[in-house]
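This report refers to the structure that appears directly beneath it.
Every number here is computed from the coordinates shown, using simple stated rules; none is lab data. All values reported here derive from a predicted model rather than from experimental measurement. Note that we place each Cβ from the backbone using ideal geometry, even for glycine, and neighbour counts take in every protein chain shown.
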Amino acid sequence: MAVALLIIDMQKAFFEDGALGNRQEALVAACNSVIRDAREARVAAYVIRTEHQRDRSTWTLSMLDDDQGFLFSGTEQAEPVDGLEIDGLPELVKTRDSAFFGTDLLQRLRNLSVDTVVLAGVATHNCVAQTAADAYANNLRVVYATDAIASTNEEYAQNVLTVLTDEYRQQAMDAGEVRNLFNHGQA
């Protein structure tokens, strides 16, 4: 079993919302812990960020409908959240919820013979979940690092995790189980 870690959308803009802002310190600490565990076990880790262009060419339908862009390239909002220990990790930029959409993530994972991805970051009910669904569509197993994911809507997050863990047989693991997976290929 070859494993990779994906740190999704740990960017300043997402923590402007009170639901995540109140959990920023704990979530950053949890992500840093899983990043350290991945580095120690020599597991590939990728930082996935969302960025859009001001010219509307990368905007989602809801952004276009609302005539309001978000996470513009080069702005402070698009920067990694303070304290996140990602120096030296490869970064991929996306314009949609899934880390696979419009990036070379799948090719990178295939090049390393990765068959399992561990997901950390925000938000559970959209970007993390869409990445998980696309991983499944590409025959990759998914593990949610439960200590290192969060959402602006916990009800949505629980509902989508229930569907993905039941229907797609994806796993949710705490920090110790993820560390064991990195080190031994099993929970």
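Taking a ≥ b ≥ c as the square roots of the eigenvalues of the Cα gyration tensor, the range 1-84 is classed as prolate, since a/c reaches at least 1.5 and a/b is larger than b/c.
The distance from the alpha carbon centre of the range 56-112 to that of the range 1-49 is 14 Å, rounded to a whole number.
Take every pair of alpha-carbon atoms less than 8 Å apart whose residues are at least six positions apart; their mean separation over the length of the range 70-170 yields a relative contact order of 23 percent.
Each label point was placed 7 Å from the Cα along the Cα-to-Cβ direction; for Arg96 and Glu155 their separation is 2.8 nm. Between Val142 and Val117, Gln171, the built amide H atoms are under 5 Å apart, and every one of these is 5 or more places off in sequence or on another chain.
Build a GNM of the chain with springs between Cα atoms under 10 Å apart, and of Asp115, Asp17, Asp147 the one that fluctuates most is Asp17. Loop-located trypsin sites (Lys or Arg not before Pro) across the range 90-144 with a Cβ neighbour count of 12 or fewer within 10 Å are lacking, with loop assigned by DSSP. Pairing the Cα long axis of helix 175-184 with the longest principal axis of the chain, what angle in degrees results, from 0 to 90 and rounded to the nearest 10? Approximately 60 degrees, to the nearest ten. Springs between Cα atoms under 10 Å define the GNM used for the chain, and in it the highest mean-square fluctuation of Thr75, Thr146, Thr165 occurs at Thr75.
A straight chain from Ala172 to Asp65 at 0.36 nm per residue would run longer than the Cα-Cα distance by 35.0 nm. Scanning residues 5 or more positions from Leu5 or on other chains, those with amide H under 5 Å from its amide H are Ala44, Ala45, Tyr46, Val118, with H placed 1.01 Å from N in the peptide plane. For the chain, modelled as a GNM whose springs connect Cα atoms under 10 angstrom apart, the maximal fluctuation among Thr50, Thr60, Thr152 occurs at Thr60. Figure legend: label point modelled 7 angstrom from the Cα of Tyr136 along Cα→Cβ; residues of the range 156-174 with amide N under 13 Å from it are 159-172. A straight chain from Ala26 to Leu106 at 0.36 nm per residue would run longer than the Cα-Cα distance by 25.8 nm.
Once you keep just the Cα pairs under 8 angstrom separated by 6 or more residues, what percentage relative contact order results for the chain?
Working: 337 pairs, mean separation 51.9, N = 187.
About 28 percent, as a whole number.
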